[in-house]
């Protein structure tokens, strides 16, 4: 039996962080976490592109554009959707997740999902560098591991 597993320590490659601007206080911390993780694991800061979009709903379209552009080993999508008084939250969060999942399954590229869906701003801040960690960091770690796994499987989308 042959076993395959990705490693975050297998540095190298080019990555895009696709970040929603909405809830900027939270998303900037997610971007910092994602960038910090990539750099700490050996990714040259000059090979990390930051793509900003208005909100979480636009993340799948921007990630798809990055895939079409080519040259990336992984994409880290970060954003924050905080529940309000209307069902808007459900549509935005659900469609962002659905669109990113479709790309992750349909394209040969590592995609880290760092979109927070919380009830309050306090919960979001706790997950963006607070006492619950940084989900941007975790999403970047996932992208690194999956990019390495795809290389091992000969399925990567890199250059």
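The values are calculated or read from the model by the stated rules, or taken from the named source; none is laboratory data. Worth saying up front: this structure is predicted, and the values here are computed from it rather than measured. Positions of Cβ are backbone-derived with ideal geometry, glycine not excepted, and every protein chain shown enters the neighbour counts.
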**Q.** Subset of region 124-159 (residues that are surrounded by fewer than 20 Cβ atoms within 10 Å (Cβ to Cβ) and either without any contact (Cβ under 8 Å) to a residue 12 or more places away in the chain or not in a helix (DSSP H, G or I) (or both))
**A.** 126, 129, 130, 131, 132, 133, 154, 155, 157, 158, 159
Q. Can residue 93 be described as part of a helix (DSSP H, G or I) and surrounded by 21 or more Cβ atoms within 10 Å (Cβ to Cβ)?
A. yes
Q. Would you pick out the residues in region 109-123 that are free of Cβ contacts under 8 Å to residues at least 40 places away in the same chain and within 18 Å of the chain's Cα centre (by Cα)?
A. 113, 117, 118
Q: Would you please name the residue that is farthest from the chain's Cα centre (by Cα), looking only at residues in region 71-84 that are surrounded by fewer than 24 Cβ atoms within 10 Å (Cβ to Cβ) and touching a residue at least 24 places away in the same chain (Cβ under 8 Å)?
A: 83
Q. Of the residues in region 103-115, how many are at pLDDT 90 or above and loosely packed, with under 14 Cβ neighbours inside 10 Å?
A. 2
Q: State the number of residues belonging to region 1-38 that are part of a helix (DSSP H, G or I) and either free of Cβ contacts under 8 Å to residues at least 40 places away in the same chain or exposed (fewer than 15 other Cβ atoms within 10 Å of the Cβ) (or both).
A: 3
Q | Matching residues, region 39-70, being surrounded by 14 or more Cβ atoms within 10 Å (Cβ to Cβ) and part of a loop (DSSP other than H, G, I, E, B) | A | 41, 43, 55
